[in-house]
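The values are calculated or read from the model by the stated rules, or taken from the named source; none is laboratory data. Keep in mind the model is a prediction, meaning the values are calculated, not measured. Using ideal geometry, Cβ is built from the backbone for each residue, glycine included, and neighbour counts are taken over all protein chains shown.
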Amino acid sequence: MSHEIMQATDGSFAMAYREGDALPWHAAETNPQTFVRFPTPQEVSNAARLGYEVQLVPNCFPDGSDIPESFHISRVDNSKPYGAPSDVFGRFVAGDWQAVQNSALLDLAAHISERHGFEIITAGALFGGAKVFVQLETGNEFSLPGNDRLVSRLLATVSHTGTESNKFVGCNTRVVCDNTVKAATGEGAGIVCHDHRVAFDHDAIAAAIGLNAESFGEFAEFAAAAANRALTDAEALEYFKTVYGGREKIEENGRVRHSIGVRKAMAAHNGREFVPVGKADAADVGLYVADRLDQIARGVATDLPADVTATPDAAINPGHDMESTRGTLWGAFNTVTWQSDHQPLKNRGASFNIASNLLGEGTGGKLKAKAHKAALELLVA
């Protein structure tokens, strides 16, 4: 699995989306349920299988006596009906930790939807139910040439692990490929946190709404500038080298072998799937493109070979050949975001791809922030 959505013992998954929308990228594996437009909290809970609660339970010494001010977080039903690896989400928390139930998050999302005209579009549970999310569409939208649409969304998450704050994140999604980038980039930017040691109220959400509206305008300006910045193949190679880094290897025949991230990005940038050497014939497109572009950059070659310009795979980096992305910095930037969300360098099975996609966490989130920074530097160069 390339996702972390909680799976039920009957094989279904704890994720639902708004009826009428396009299928989520993971739908082939998860077969998610749908809910009506402007649903009630209970309708979302039923569709997304979020009808469980958590509680604090005292930790005990070996003799069975309670450890003072030491608790673990577990499901109230003390069972694993959704196939969670454990019904214990957090093992060591203090007594002042306050649980935020799934129902409270859904109630808050419904309140925001009604008050601000937002609309709930997805909801679900990750990591065996330890993290719950609700995503809302704000109604803000921006289009680049060729109908390359960007939409503004607000993501609210509740963590039952005892190690994380609840988070409210503004994010921007490119519709054609479902790439997601935080509304603001940088360490901690774009995220409003709520500590479990204070009462759960609407202040954090209100702050996130204001942040999201402001940041979406800034990101739209960046997208427009990047779409207008022409980028040669040689410049694209240098851009990916800045983002992914890694060592370059000079082989005996003089060819330059770049890091796996650079090679995969160069293949995806041209709409082609990267196949590692040894798993395909010698005309490995991803490696060949990267090597030839390096030769172009060094003046050894002047163009790409004919076999590299073959028809791309439509499933690889959708939207890479639109008017806004073809030969532009915007196209290179979205190659990184697509690869981070849909073909991460380290495929960790059921680990962390959705966290990267939704929250900008982990390696994928860091790469997106690095790609944004590198793109901004090119824009002002």
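Here are a few things to note about the model shown:
- Within region 119-144, considering residues that are aromatic (Phe, Trp, Tyr) and at pLDDT 90 or above, the one surrounded by the most Cβ atoms within 10 Å (Cβ to Cβ): 133
For every residue, the table says whether it meets (1) in contact with a strand residue (DSSP E or B) (Cβ under 7 Å, 6 or more places away or on another chain); (2) outside the structural domain of residue 321 (by TED's automatic domain parsing); (3) in a strand (DSSP E or B); (4) not acidic (Asp, Glu).
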residue: 105; (1), (2), (3), (4): yes, yes, no, yes
residue: 109; (1), (2), (3), (4): yes, yes, no, yes
residue: 115; (1), (2), (3), (4): no, yes, no, yes
residue: 123; (1), (2), (3), (4): yes, yes, yes, yes
residue: 128; (1), (2), (3), (4): no, yes, no, yes
residue: 136; (1), (2), (3), (4): yes, yes, yes, yes
residue: 142; (1), (2), (3), (4): yes, yes, yes, yes
residue: 153; (1), (2), (3), (4): yes, yes, yes, yes
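- Region 179-188 - residue that is of a type outside the set (A, V, I, L, M) and crowded, with 19+ Cβ neighbours inside 10 Å and, of those, modelled with the lowest pLDDT: 185
- Within region 138-170, the set of residues being closer than 23 Å to residue 329 by Cβ and of a type outside the set (S, T, N, Q) comprises 141, 142, 144, 145, 146, 148, 149, 150, 151, 170.
- Residues that are surrounded by fewer than 23 Cβ atoms within 10 Å (Cβ to Cβ) and out of contact with any Gly (no Cβ under 8 Å at 6 or more places or on another chain) within region 145-165 comprise 145, 146, 147, 149, 150, 151, 157, 159, 164, 165, listed in sequence order.
- Selection of region 89-118 for residues being without any contact (Cβ under 8 Å) to a residue 60 or more places away in the chain, over 13 Å from residue 156 (Cβ atoms) and surrounded by 16 or more Cβ atoms within 10 Å (Cβ to Cβ) yields only 101.
- Residue within region 340-350 that is at pLDDT below 75, charged (D, E, K, R), out of contact with any helix residue (DSSP H, G or I) (no Cβ under 6 Å at 6 or more places or on another chain) and surrounded by fewer than 22 Cβ atoms within 10 Å (Cβ to Cβ) present: yes
- Residue satisfying all of: in region 39-50; under 25 Å from the mean Cα position of the chain (by Cα) and in contact (Cβ under 8 Å) with a residue 40 or more places away in the chain; nearest to residue 89 (Cα to Cα) among these: 50
- Residue match in region 216-225 (condition: at pLDDT below 85, closer than 24 Å to residue 24 by Cα and in a helix (DSSP H, G or I)): yes
- Residue check, residue 31 out of contact with any helix residue (DSSP H, G or I) (no Cβ under 9 Å at 6 or more places or on another chain) and under 22 Å from residue 99 (Cβ atoms): no
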